[in-house]
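In what follows, a single structure is set out as structure tokens and then discussed.
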């Protein structure tokens, strides 16, 4: 049972922690102490809704067709491989997170901005609905539920840490070495999951 949880946690976590407007906004609100818990809760809730939809819908539809499972398995592994390669490139290049230019003060503005940086990003749907749903298709019954728990846990932990640890994390994530370490971890995680899909996810 631990394997589905690890794959769910690793895949979800690896996709979520990439540098992006959503993470930058939550972290910037945390640095300012401005409705940061609301921003984090909205991100967690959106992830939970769309990850659930992906695993329940896409995952179930794919797993019902063995031939499609093969195609999705190879496609998912390929996507994770190139995603990991992109993270490796970022680790070599170095990145940073600028939170100084995102001034949003009112609760309503925080809610609307959080929804915008989340729901207006096409990659959000690709990651939560399509990719995680497809990866979950290799699991059935209780194991698929455990995969879902792992994916939701990764999202919850990440945004909680961003929200509660903003004062500590902001100076850290402004340094290139921090993102190089994080991108290296993401690269390794994505490639390990891709390899696991190829080795164990293809039906006999």
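Derivation of every value follows stated rules applied to the coordinates shown; laboratory data play no part. Nothing here was measured: the structure is a model prediction, and the numbers come from that model. Cβ atoms come from the backbone with ideal geometry, glycine included; neighbour counts cover every protein chain shown.
Can you give the extra length, in nm with one decimal, that the chain gains between residue 176 and residue 142 once fully stretched, where that is 0.36 nm per residue apart less the Cα-Cα distance?
Details: separation 34, 0.36 × 34 = 12.24 nm, distance 4.08 nm.
Result for the pair: 8.2 nm of gain on full extension.
What's the FRET efficiency of residue 119 with residue 67 using the Cβ-Cβ distance as r and R₀ = 30 Å, to the nearest 0.05? Working shown, then result.
Working: r = 33 Å, r/R0 = 1.10.
Given R0 = 30 Å and the Cβ-Cβ separation, E is 0.35.
If packing is taken as the mean number of other Cβ atoms within 10 Å per residue, what is the order of 107-116, 43-52, 139-148, highest first? Present the calculation step by step, with values, prior to reporting the outcome.
Details: 107-116: 15.1, 43-52: 19.2, 139-148: 17.6.
Descending packing order for the listed peptides: 43-52, 139-148, 107-116.
How many nm separate the modelled label positions at residue 106 and residue 192, each set 7 Å beyond the Cα in the direction of the Cβ?
Spacing of the two 7 Å Cα→Cβ label points: 4.6 nm.
Quick one: Debye curve from the C-alpha atoms of region 2-199, no solvent, what's log10 I(q)/I(0) at q = 0.15 Å⁻¹?
-0.89
What is the distance, in nm, between label points placed 7 Å from the Cα along the Cα-to-Cβ direction at residue 184 and at residue 1?
3.5
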